[in-house]
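Here the structure comes first, spelled out in structure tokens, and everything after it is commentary.
The values are calculated or read from the model by the stated rules, or taken from the named source; none is laboratory data. Just so we're clear, the structure is a prediction, and the values are computed from it rather than from any experiment. Here the Cβ is made from the backbone with ideal geometry for all residues, glycine too, and neighbour counts use every protein chain on show.
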Amino acid sequence: MAAIELDGVTKRFGDVTAVSDLDLTVPEGEVFGFLGPNGAGKSTTINMLLDFVRPTAGDVRVLGLDAGGESVAVRRRTGVLPEGYDVYHRLTGRKHIEFAMRSKEVDGDPDAVLERVGIADAADRKAGGYSKGMRQRLVLGMALVGDPDLLILDEPSSGLDPGGAREMRDIVREEAEGGTTVFFSSHVLGQVEAVCDRVGILREGELVAEDSIEGLRDAVEGGETLVITVDAASEDDLDAVRALSGVSNATTDGGTVTVTCDADTKTAVIGALEDAGIAVKDFQTEETSLEDLFLAYTEGEMSA
Amino acid sequence: MTWTAVARKDFQDAIRSRWVAALSVLFVLLVSAAAYLVRPAPGQTISSNQILNSLFVRDALVTTLVPLIALIVAYNAVVGERESGSLKLLLSLPHSRADVVFGKVLGRAGAIAAPIAVGFLLPALIFLVVPAVNFDVLSYLGYTLLTAVLAVCFVSIAVGFSTAASSSRRAIAGAVGIYFLFVPLWGAVRFPLQFYLGMGGGPSWLPLSGQQVLRMLTLINPTGSFKTVSNAFMQGALYTQGDVNMQVSATLMLLVWILVPPLLGLLWFQEADL
């Protein structure tokens, strides 16, 4: 059974379309990275999974249940780290976890949860005094209460230092090993490639890519980035380069030209530049990284 | 149904606000000041009921100040969480929106009942030991409870606005509007109206007498219903003597004020995008 199933989902706010005709299926037990630049519609999609906002059109099912009509049942089995939340400033960390336990009607040791997310020493402090990173850990702790079947994490690494982001990934991995489906969003690929089975890339409300990390790697395999030092070049000069087949992206800052292309297109690229009257002083090649590919998708030069 | 978890959280949160401590102090001071002002001459005694029925307690504190404070304690209950974002945290837990609204009513009811209880019961400790006061325990506790019920009516009104409003500014505008309608405005027109309707005035197209219109207006106003019930209670006549119909209607009307505003707010809240 699918843990998350979006079928032709559209959400409009007034005349702004946040999500457009989105189809997405996340099978049970998968770790799914939901990627895209800020404002792409990731949070709106997550908010529809949780019934915070209602779709204008389409069907949203979570854990086999209707996300709108059976939302309480969905949330009883789901741990959530929402985006743009606030904590209760006057309540301590422990009180927050106790509240999550009472809300999910489960028993447990609040201190053990705080220990797991690394803020046990702040259990008796009011959450209003917590840093952004500590709040993020606290809410992750609330999400983990009751051993959920599904974890929905909206930008979980924001506010965390690199060490904290790694701990967050470790927790995601542990949960996934226990059979929990994890759906999390990020605008940075680096945070998800280490833990995701599959990623979807959202841009302007539409899914532009959906693949496994391996699949994405295959897509960039053999791809190279050419960094060419020139005397002077403008964006207009690059039109001839962009027109070459095998070139996916070309940019310049005036002194250097950066081109993403297949390995066997390199000579043609240099030739095209020289034909445009640009003096090539030097060039070097780098292998294309997943990050380059992600940027190419999200900045709009590629579409699936 | 997890609304009790919401209520408990909200009470714990609200009770830690400086407001609640300040209100407790204020209520203690006001009740004590009222007792001082109506104190008996040396050698004479006074009943605790006389203190409660004094202008200072019944008219100034209970039916003027308590509604205002209840509205202030509760107007931000839902819309405040909406604006800060903690509502997302709340609703990411398995609560329905109805759980949130009624949990809020219960939590804030507790948060206003606490200073009322402290405000009335702390001075009562003094009345108990001072020989000049004949302390009527039952009346005193009953009156304290009725005051809390009146406060809860206004908490419910404020939570209703707080649930339906899109900003806390609108919520407080609604709450203050209701307050002016029911307290100062009603206070200003009541006597002229009583006189006019009592003399047989009133719209002739209504199949009601002037007296009936006046009774209806009194009932609709929560402070009017409160006075009907509390006056009968203090005379030991509640539901037994006097205008029993009016007393029962007033009691039901208080219940309506507790339940209907949050329900109306919920109707809107159910459909809202957060």
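Observations on the structure shown:
- Matching entry among A:Ala100, A:Ala122 (being more than 10 Å from chain B (Cβ to nearest Cβ), more than 30 Å from A:Leu295 (Cα to Cα) and either in contact with a helix residue (DSSP H, G or I) (Cβ under 6 Å, 6 or more places away or on another chain) or charged (D, E, K, R) (or both)): A:Ala122
- From B:Val133, B:Val155, B:Val129, residue being of a type outside the set (Gly, Ala, Ser), more than 16 Å from the chain's Cα centre (by Cα) and buried (at least 20 other Cβ atoms within 10 Å of the Cβ): B:Val133
- Residues of the range A:248-296 classified as in contact with a strand residue (DSSP E or B) (Cβ under 7 Å, 6 or more places away or on another chain) and within 25 Å of A:Gly190 (Cβ to Cβ), total: 19
- Yes/no for B:Ala158 being farther than 26 Å from B:Asn231 by Cβ and in a helix (DSSP H, G or I): no
- Answer from A:Arg61, A:Arg75, A:Arg90 - the residue that is part of a strand (DSSP E or B) and touching a residue at least 24 places away in the same chain (Cβ under 8 Å): A:Arg61
- When A:Arg90 is tested against the conditions (1) closer than 19 Å to A:Asp147 by Cβ; (2) within 8 Å of chain B (Cβ to nearest Cβ); (3) of a type outside the set (Asp, Glu), the lone failure is (1).
- Qualifying residue in the range B:182-195 (condition: among the hydrophobic types (A, V, I, L, M, F, W, C), more than 18 Å from B:Thr64 (Cβ to Cβ) and out of contact with any Asp or Glu (no Cβ under 9 Å at 6 or more places or on another chain)): yes
- Filtering the range B:14-37 to residues that are under 24 Å from the mean Cα position of the chain (by Cα), free of Cβ contacts under 8 Å to residues at least 60 places away in the same chain and more than 30 Å from A:Ala100 (Cβ to Cβ) leaves B:Ala22, B:Val25, B:Leu29, B:Ala33, B:Ala34.
- When A:Ala296, A:Ala272, A:Ala233, A:Ala250 are checked against the criterion of being surrounded by 16 or more Cβ atoms within 10 Å (Cβ to Cβ), touching a Leu at 6+ places or on another chain (Cβ under 7 Å) and in contact (Cβ under 8 Å) with a residue 24 or more places away in the chain, a single residue qualifies: A:Ala272.
- Leading residue by the ranking (farthest from the other protein chains (Cβ to nearest Cβ)) among those in the range A:64-87 that are surrounded by fewer than 23 Cβ atoms within 10 Å (Cβ to Cβ) and touching a helix residue (DSSP H, G or I) at 6+ places or on another chain (Cβ under 6 Å): A:Leu65
- Segments classed as strands (runs of 3 or more DSSP E), wholly inside the range A:162-219, with at least 1 members that are surrounded by fewer than 21 Cβ atoms within 10 Å (Cβ to Cβ): A:198-203, A:206-212
- Which numbered condition B:Ala98 fails, given (1) over 17 Å from the mean Cα position of the chain (by Cα); (2) surrounded by fewer than 18 Cβ atoms within 10 Å (Cβ to Cβ); (3) closer than 24 Å to B:Ala34 by Cα: (3)
- Hey, A:Val241 touching a helix residue (DSSP H, G or I) at 6+ places or on another chain (Cβ under 8 Å) and outside any strand (DSSP E or B) or not: yes
- Residue in the range B:256-274 that is closer than 25 Å to B:Ala188 by Cβ, modelled with pLDDT of 95 or more and surrounded by fewer than 20 Cβ atoms within 10 Å (Cβ to Cβ) present: yes
- Only one of the listed residues (A:Leu150, A:Leu144) is more than 10 Å from chain B (Cβ to nearest Cβ), in contact with a Phe, Trp or Tyr (Cβ under 9 Å, 6 or more places away or on another chain), at pLDDT 95 or above and more than 14 Å from A:Leu91 (Cβ to Cβ). That residue is A:Leu150.
- For the range A:144-155, the count of residues that are part of a helix (DSSP H, G or I) and small (Gly, Ala, Ser) is zero.
- Selection of first residues in the range B:118-145 that are farther than 21 Å from B:Val20 by Cα and of second residues that are among the basic types (Lys, Arg) and modelled with pLDDT under 85, restricted to Cβ pairs under 8 Å at least 6 apart or on distinct chains, gives the following pairs, ordered by first then second residue: B:Ala132/B:Arg39.
- Members of the range A:1-55 that are at negative phi, of a type outside the set (Val, Ile, Thr), surrounded by fewer than 20 Cβ atoms within 10 Å (Cβ to Cβ) and within 14 Å of chain B (Cβ to nearest Cβ): A:Arg12, A:Phe13, A:Arg54
- Contact annotation: residue pairs with Cβ atoms under 8 Å, 6 or more positions apart or on different chains, pairing a residue in the range B:1-13 that is more than 8 Å from chain A (Cβ to nearest Cβ) with a partner that is acidic (Asp, Glu), are B:Met1/B:Asp99; B:Trp3/B:Asp99.
- Evaluation of A:Glu174 against (1) under 19 Å from A:Glu28 (Cβ atoms); (2) in contact (Cβ under 8 Å) with a residue 60 or more places away in the chain (one fails), failing number: (2)
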